[in-house]
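The next block holds one structure in the form of structure tokens; read it before the comments.
The values are calculated or read from the model by the stated rules, or taken from the named source; none is laboratory data. Treat the numbers as computed from the prediction; the structure is a model and nothing was measured. No Cβ is skipped: glycine too gets one built from the backbone with ideal geometry, and neighbour counts run over all protein chains shown.
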Amino acid sequence: MGWIEIGVGVAGTLAGLAAMAVLVVRERRAKQRFRILAELAAVSDAGGSLEDTLDSICEILVPEIADFCMIDVFADGDVRRAAVDVAPGPHSGVRESLLERKPSIPDRMVAGNGSSSLEPRFYERMSEADLRQLAHDEKDLDFLRGLRVRSAITVALNARGRVTGALTMAVAWSGRRYRRDDAHFAWILSGRVALALDNCGLFADLERAERVRAEIGETLQRGLLPPPLPHIPGWSIAAMYQPAGAENEVGGDFYDAFRVPGGWMLAIGDVTGRGAEAASITAVARYTLRTAVALTSDPQLALATLNRALLTRTDPALCSLVALALSEDPDQPLRLAVAGHPPPLLVDGEKVGEVTAAGPVLGAFADASWEVEHCSVEPGQQLVIVTDGITEALGREGRFGEERLRAELSGAGDPALVMRRLEAALNAFTEGKHDDDVAILALARGTGDASMSASLVSPEVAVSGQGMGGLDV
């Protein structure tokens, strides 16, 4: 074999090795880029704040494919620098200077109109003329010169047809240089970054909307907190309201007491839903009932009026309710109507029994009707009405139940004692973790200074009436 043949063989071998080296480099670059895209997707799906998301994106890109990286966001024609990351290098204070520097983003990108706004800006070999084009003034030009940028790419961030910002990557002190395929990869990156930016914007919008909704609901609910009970001559009355959970001011349960022609009306009820939904139905129930009773003093007609009001709503709105009418003459029997609510209980010493059966729930049937019963509460007796938040409460032993309720009421001497007993029993049974609202209303005959009214709205106490003495509820 001659020297010519040997030379050809060596050249062929070297060419093969060079080709293999190129393939290895390309494979490594492809793996690196796929890994970067996967990391960006994970950041986008994490749903963090806008600031944290953009900082994380810059940290992924630096120093993997850039010596420094900047993300700018657009809003109403203005450009704001949102994130910067800088790889370790010979310069100090570069990150701070880049953060403070006014962005040099092409006007066409900021305008976001047409296909030209999406064209990348690519400096394969940064020149003095390029730096002058980017600089805002001589001082800024000196700063850009000091960076010794070799290549730079700026791509628009376009998501859902809207340009929301720009991503800029540059290489300088690492000695690298961007090529056309790097500019193409930057364009691919821009889609992932834009999606992350868009997700953050959507998340922020939803968060703001939820915060506004919560504020509206809280305002509405606070306006529906049970009022202090009025002093009603000849009667001793106590009430308690306790919403489920520390974050709730008002739930679906309520009670009310107000003056009507010829006497007073007491009501206790429970509506469907939670939060603002329950508050809106509660408002309809309370104020429709107040208006109807003020005009007619008839519990039966008041329930029919409320039933029609609930049926006109577009959302499901059910209400269970007990309405009691007290005459100005305390010797007269009270009148009561029950709509889908646990029946009132008459406590007579150790005996506890139901006063009447329940009629249909309000808001369910257009042709529903309710009977008005007369009930006498003799001295030494008391009438107690609770919402199902007590009987349906769950604990280690199962449901609180009707039997346990009656056992706690047995022997209770007055309405204030009923409140203390039931509250203590419920908290002990559920270990303070009951998941439904609770409302209780109790009344008994009182005479002279013994007549009183007390209401407990957890966690605040409101008391009114005569002869309260040392009452602590």
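Observations on the model:
- Taken over segment 82-100, the criterion of being in a loop (DSSP other than H, G, I, E, B) and either outside the structural domain of residue 156 (by TED's automatic domain parsing) or not polar (S, T, N, Q) (or both) is satisfied by 87, 88, 89, 90, 91, 93.
- The selection criterion, being among the aliphatic types (A, V, I, L, M), assigned to a helix (DSSP H, G or I) and at pLDDT below 70, holds for residue 17.
- Some residue of segment 152-160 being within 48 Å of the chain's Cα centre (by Cα), without any contact (Cβ under 8 Å) to a residue 24 or more places away in the chain and surrounded by 16 or more Cβ atoms within 10 Å (Cβ to Cβ): no
- Residue match in segment 387-400 (condition: among the small types (Gly, Ala, Ser), in a helix (DSSP H, G or I), buried (at least 16 other Cβ atoms within 10 Å of the Cβ) and at pLDDT below 90): yes
- Only one of 238, 267 that is modelled with pLDDT of 85 or more, assigned to a strand (DSSP E or B), farther than 19 Å from residue 291 by Cα and touching a helix residue (DSSP H, G or I) at 6+ places or on another chain (Cβ under 8 Å): 238
- Residues satisfying the stated conditions in segment 82-114, i.e. surrounded by 13 or more Cβ atoms within 10 Å (Cβ to Cβ) and either touching a Leu at 6+ places or on another chain (Cβ under 6 Å) or among the hydroxyl-bearing types (Ser, Thr, Tyr) (or both): 82, 83, 84, 97, 104
- Which listed residue is within 22 Å of residue 230 (Cα to Cα), assigned by TED's automatic domain parsing to the domain that holds residue 341, surrounded by fewer than 24 Cβ atoms within 10 Å (Cβ to Cβ) and not polar (S, T, N, Q), from 259, 308, 313: 259
- Residue list for segment 313-325, filter: at pLDDT 90 or above and among the β-branched types (Val, Ile, Thr): 322
- Qualifying residues in segment 57-81 (those that are touching a residue at least 40 places away in the same chain (Cβ under 8 Å) and part of a helix (DSSP H, G or I)) - the one surrounded by the most Cβ atoms within 10 Å (Cβ to Cβ): 57
- Here residue 451 meets each of (1) on the phi > 0 side of the Ramachandran plot; (2) at pLDDT below 90 with one exception, condition (1).
- Of the residues making up segment 331-383, those that are in a loop (DSSP other than H, G, I, E, B) and polar (S, T, N, Q) number 4.
- Cβ separations smaller than 6 Å between residues 6+ apart or across chains give the following pairs from segment 422-437 residues that are of a type in the set (Ser, Thr, Tyr) to residues that are part of a loop (DSSP other than H, G, I, E, B) and at pLDDT 85 or above: 430/393.
Here's the yes/no breakdown for (1) of a type outside the set (A, V, I, L, M); (2) within 20 Å of residue 89 (Cα to Cα); (3) in the same structural domain as residue 40 (by TED's automatic domain parsing):
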site	(1), (2), (3)
147	no, yes, yes
155	no, no, yes
167	no, no, yes
179	yes, no, yes
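- When the test is whether a residue is more than 15 Å from residue 441 (Cβ to Cβ), assigned by TED's automatic domain parsing to the domain that holds residue 377, more than 29 Å from the chain's Cα centre (by Cα) and of a type in the set (S, T, N, Q), residue 280 does not pass it.
- Scanning segment 115-151 for residues that are hydroxyl-bearing (Ser, Thr, Tyr), under 23 Å from residue 74 (Cα atoms) and crowded, with 16+ Cβ neighbours inside 10 Å yields a count of 2.
- The residues in segment 70-81 that are out of contact with any Lys or Arg (no Cβ under 6 Å at 6 or more places or on another chain) and either aliphatic (A, V, I, L, M) or outside the structural domain of residue 169 (by TED's automatic domain parsing) (or both) can be counted, and the count is 4.
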